[in-house]
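To keep things clear, I will list the structure first and then write my remarks on it.
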Amino acid sequence: MLPFPTTAIISILKAAVDVAGFYVIQKPAFVLPAIRYPGVISYVNTVQTVLRCLSQAPRLPALDWGAIIRRCMIYETQASELIPSNSDLKKGTLRVECLHFSLAHANQFDPLLSFLDELSELSRFSSLELNLQSHLFSHLGDLIKIFSGSKLEKLFHDITIYLSSSVSSYQVYNPSQQNLLRVSCWKGLGNCLDEVSVDSPEYMPNIEKCMEVLFSLLPALQSGGILGADQVDSKEEWLEAVNCLAKARQGWLLDLLQVLEADLVQEDDHFIHVAKKIQVRARLVNIDSIPLTELGRLKVYILNTGSHGIWDVVIEVVAALQNAEGSVKRQWLVDSIEISCITNYPSTVLRFLGLLCGSCCKYMPFLILDRFTVLSDLPVTLTSLLSEPNWEFVAESVVSCLWTSMERIYNWATNISQADGSHSPSLHSIDKSENAMAAFLTHVMHQTCVYLKDYLPLEKQLKLANMILP
């Protein structure tokens, strides 16, 4: 293997800065060359290319690299004033290379370690440009390898303050810029968890506190639609968040994602936070980070919830079931049919049924993911699923419960149509927020039973044929 050409590259660095009048090595004073911007771009490009090469060097000669890097940082700040906004050179790229160089060689040169220490101080960090803040966050895994324990404790504390304080410069950024910082921080924390043991008492409490703050800032996951002016696409943030959380301690993670029954009957504003916990559970199940039973514990609660946003939760739950064994999917089907007989929110459980059946039956490639379409498709998707060899042995029990559920919904809808929306005492178990869906749900359930009538006894088939739908 050829030796790394460190000496030659440093000579190029000296030549570049000499031509520019930028004496970062020979002279302590700094003078910005009075040249036109094409020359500035050339010299900035040269210096950052050289630094990029030196970042890969196994060792460096004993120079005052701390002073060199600090002056490079200052040089680009002042040189950027001469670079027009339409230039191909992005402002801040040289400063980013200074950061990468320092991270690569901080173990070898204390002045570089001091430089990184200074940048990570909360007061200094808050004054950095967005791009540099983002890069520092994404390289937390490198910092954890070079900072002392006490410094790391302060670093993670500062991060929680920066992200949560109402007076932090983070609050000044627009939603897209805040999203960039959160994505970088999730990525950096994930790298930290790759470097340390999850049982380490020295690091984990501080890292977990950062993850708690980031989790509280994680936006709601939406299945689709047009983003508003103040919204950003959070797919990448969710990807990094789930990847990071998957590396955390299992006990701490399940505590973070704990959902109580009382949480699911709260107002919509609170339910957004609860829905996020369930969606993260589903994503973690999907990548085999936690067992499916951790999602199954919430089955009854999820399918008896009518809060705004439950549709997006149901989508994630069904997605998590895609890799489950056939017996597990069949049990979810049977359980959900039984829950439909008692739930306060039949539209929720029937949408879940529609999604589950649609994702497992032969018509899956042709179906549309829509909260009303999955209901209107239920007669076809459930019938198709129960006709398959691996499912037909549960058909009789499923249709028996389906009939019970259909009768309940039929009586409820009939009562509403005949009594101007009021409930009789026996029908109070269905929430009044479902009233607008009563006639539609009745037609869906009736049609489904018609498609599956061969599984019903004769007297129920006759009753089904004589029903007058509202």
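Which percent of the accessible area of the range 90-135 is formed by carbon and sulfur heavy atoms (probe 1.4 angstrom)? Mind dumping the intermediate values first?
Details: 910 of 1800 Å².
Answer for the range 90-135: carbon and sulfur cover 51 percent of the accessible area.
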| task | Sticking with the crude label model, points 7 Å out along Cα→Cβ, report the distance from residue 236 to residue 59 in nm, one decimal please. | result | 3.9 nm
| task | Run the accessible area of the range 168-216 with a 1.4 Å probe and give the carbon-and-sulfur part as a rounded percent. | result | 46 percent
| Of the heavy-atom accessible surface of the range 321-470 (probe 1.4 angstrom), what whole percent is carbon and sulfur? | 55 percent
| field | Segment residue 319-residue 439, length gained on full extension (0.36 nm per residue, minus Cα span) | value | 40.3 nm
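Add +1 for every Lys or Arg and -1 for every Asp or Glu among the other residues with Cβ under 13 Å from the Cβ of residue 363, and state the total.
Values: positive: 362; negative: 377, 388.
Spelling it out: positives minus negatives among the neighbours equals -1.
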| In nanometres, what is the gap between the two model label sites at residue 388 and residue 157, each 7 Å from Cα along Cα-to-Cβ? | 5.6 nm
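Please list 299, 187, 235 from largest to smallest accessible area, probe radius 1.4 Å, with all protein chains kept in place.
235, 187, 299
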| Cα pair distances of the range 109-208 binned at 10 Å [whole percent] | 15, 52, 29, 4
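At R0 = 22 Å, how high is the FRET efficiency between residue 196 and residue 166 if r is their beta carbon distance? Nearest 0.05 is fine.
Details: r = 31 Å, r/R0 = 1.40.
Result of the calculation: an efficiency of 0.10.
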| remark: Note, residue 344: beta-carbon cut-off 9 Å, +1 each Lys/Arg, -1 each Asp/Glu, net -2
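Per residue, how much accessible area does the range 331-417 show when a 1.4 Å probe rolls over the protein heavy atoms, in square angstrom?
On the way: 3390 Å² over 87 residues.
On a per-residue basis, the range 331-417 sits at 39 Å².
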| task | Give the Rg/Rh ratio for the range 334-470, taking Rg as the radius of gyration of the Cα atoms and Rh as the Kirkwood radius, to two decimals. | result | 0.96
| task | Return the FRET efficiency for the residue pair residue 454, residue 418: r is the Cβ-Cβ distance, R0 is 51 Å, and the value is rounded to the nearest 0.05. | result | 0.95
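The values are calculated or read from the model by the stated rules, or taken from the named source; none is laboratory data. As the structure is a prediction and not an experimental result, all values here were calculated from the model. No Cβ is skipped: glycine too gets one built from the backbone with ideal geometry, and neighbour counts run over all protein chains shown. The area values use the complete protein model at the heavy-atom level, side chains included, leaving out ligands, DNA and RNA. Shrake-Rupley method; radii C 1.70, N 1.55, O 1.52, S 1.80 Å.
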